[in-house]
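Notes follow the structure.
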Amino acid sequence: MKKNKLIVLDIDDTLTSSEDKHTDSLVYAMHEFGIKDVDTDWKAYAHTSDSFILKENYERSLGKDFSFSIIPEFERIMTEYFMKLPDSSEVLGAKNAVEFIANETDYGVCFATGSILKPAYLKLEQIGLEFDKEVLESANSFFTREEIVQSAIRRAEAFYNVNSFEEIISFGDGLWDVTTAENLNLHFVGVNTKNIEDFKKKNVKHHINHWGDFDLTQIESIFNIK
């Protein structure tokens, strides 16, 4: 089926119930790098991506300039710790919903995560979701969520062989996901309940508690997508 529209998916607590162990793994890896005093108030950061959080804490704690060249070693440590933790579970209905979108609609699917790359792969694999790595973008090379989402969209354009998508809907669980969608002029659907007050403050048009609530026809109607 020709994919002329696109759905952009965040991962942590949007598709997988993994944010807490992601945080544990991120902080552990920073500690292993000698960063002992980590600021875990993620909303206080200008950009909520693993690379930017690492950069800010690395430079503040160690007094050295950050370089993306340290990411591979950081990723190794973070991934090894992540693998010791219990497998991620899915947000209710996520696997079936994504497979339905990918296989039975005219929407393509891509993944845009603020996570370091290899733990992101593991989260999706642990819930049994089949996905193409070519359409997953992470924080390994970018600081901002906007850059990550834009790169994921470009990857999807190449993967699905389209010049541009007629409509793009972004799904995410956090305030940063809403803000990114606003900045890129994308439709946005909130997922999960923990940030529902943020969704209300940002006047998010549609929200689902979990993927059991997902109704593509309803979402298209809300956003006037034909």
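Taken over the range 18-27, the criterion of being surrounded by 19 or more Cβ atoms within 10 Å (Cβ to Cβ) and either touching a strand residue (DSSP E or B) at 6+ places or on another chain (Cβ under 6 Å) or more than 16 Å from W176 (Cβ to Cβ) (or both) is satisfied by S18, E19, K21, H22, S25. Scanning the range 111-128 for residues that are farther than 17 Å from K84 by Cα and crowded, with 24+ Cβ neighbours inside 10 Å yields a count of 5. Residue count for the range 68-88, restricted to those that are open to solvent by 60 Å² or more (accessible area, probe 1.4 Å) and outside any helix (DSSP H, G or I): 2.
Checked against (1) open to solvent by less than 70 Å² (accessible area, probe 1.4 Å); (2) of a type in the set (S, T, N, Q); (3) assigned to a helix (DSSP H, G or I), N140 passes all but condition (3). Every condition in (1) touching a residue at least 24 places away in the same chain (Cβ under 8 Å); (2) in a helix (DSSP H, G or I) holds for V162 except the one numbered (2). Filtering the range 186-210 to residues that are farther than 26 Å from E147 by Cα and open to solvent by less than 60 Å² (accessible area, probe 1.4 Å) leaves only H210.
Taken residue by residue, the range 36-44 has no member that is open to solvent by 30 Å² or more (accessible area, probe 1.4 Å) and modelled with pLDDT of 95 or more.
Looking at this structure, is I7 of a type in the set (V, I, T), in a loop (DSSP other than H, G, I, E, B) and either open to solvent by less than 40 Å² (accessible area, probe 1.4 Å) or under 18 Å from K95 (Cβ atoms) (or both)?
no
The values are calculated or read from the model by the stated rules, or taken from the named source; none is laboratory data. Being a predicted model, the structure only gives us computed values, none of them experimental. Please note: Cβ atoms are built from the backbone with ideal geometry, for glycine as well, and neighbour counts cover all protein chains shown. Note: areas computed on protein heavy atoms with side chains; ligands, DNA, RNA excluded. Shrake-Rupley method; radii C 1.70, N 1.55, O 1.52, S 1.80 Å.
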